[in-house]
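Please read the structure below before turning to the comments.
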Amino acid sequence: MIEIIDNYLPQREYDTIRAYFEGDMDGGATHNSCTWMYYPGITLDNDGHFQFVQLIFSQYTILSDSFNLLSPIIQKERMCSIARIKANCVIKTPEIIEFTQGFHTDFNSDLMTGIYYINSNDGYTLFEDGTKCESVANRFCRFPARTKHTGTTCTNTNRRLVLNFNYSTYDTDN
């Protein structure tokens, strides 16, 4: 089941997360903004495309100070166990590229996947069944981690920014 929730966070919490990942924290002070790392691949390693990522949490370890900024999402989703949190930055292309060769699952387990959209653009998340979740700022898309999905580029902003969460919750419904 794919759930899409708009206006997910209160405006102030959204603004803080957006400012950090867009590089506008504290008036653009780089020491308080996201540090992006080049990654050779969008949906698969070395798939001929690239993106920038920030691995925030993995293998039971907080890897970025940005983890603390995400506590409103962690609390709202009632996350009791986190497998991974990653920020993705895909650069603008002249035409939308759907990475349909890269339909994938984040984990083959009973975890949930959540995608939090930091900025609005014409990119989207595409599911194998044809469902699309458009990139709308402050939107959260929740689905079972075994659900095959892929992403796209965007054409109307310089970058497409999303946060990817893989987790289990206190709720038995998720």
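The values are calculated or read from the model by the stated rules, or taken from the named source; none is laboratory data. All figures in this text were calculated on a predicted structure; none of them were measured in a lab. Using ideal geometry, Cβ is built from the backbone for each residue, glycine included, and neighbour counts are taken over all protein chains shown.
Before moving on, here are some points about what is shown:
- Search result, residues across region 118-152 that are in a loop (DSSP other than H, G, I, E, B) and touching a residue at least 40 places away in the same chain (Cβ under 8 Å): 118, 119, 131, 136, 137, 138, 145, 146, 147, 148, 151
- Yes/no for residue 156 being crowded, with 20+ Cβ neighbours inside 10 Å, in a loop (DSSP other than H, G, I, E, B) and not β-branched (Val, Ile, Thr): no
- Some residue of region 164-173 being modelled with pLDDT of 95 or more and of a type in the set (Val, Ile, Thr): no
- Of 126, 111, 161, all but one fail to be of a type in the set (A, V, I, L, M) and in contact with a Lys or Arg (Cβ under 6 Å, 6 or more places away or on another chain); the exception is 126.
- Within region 63-117, the residues that satisfy the criterion of being acidic (Asp, Glu), outside any strand (DSSP E or B) and at pLDDT below 95 are 65, 106, 110.
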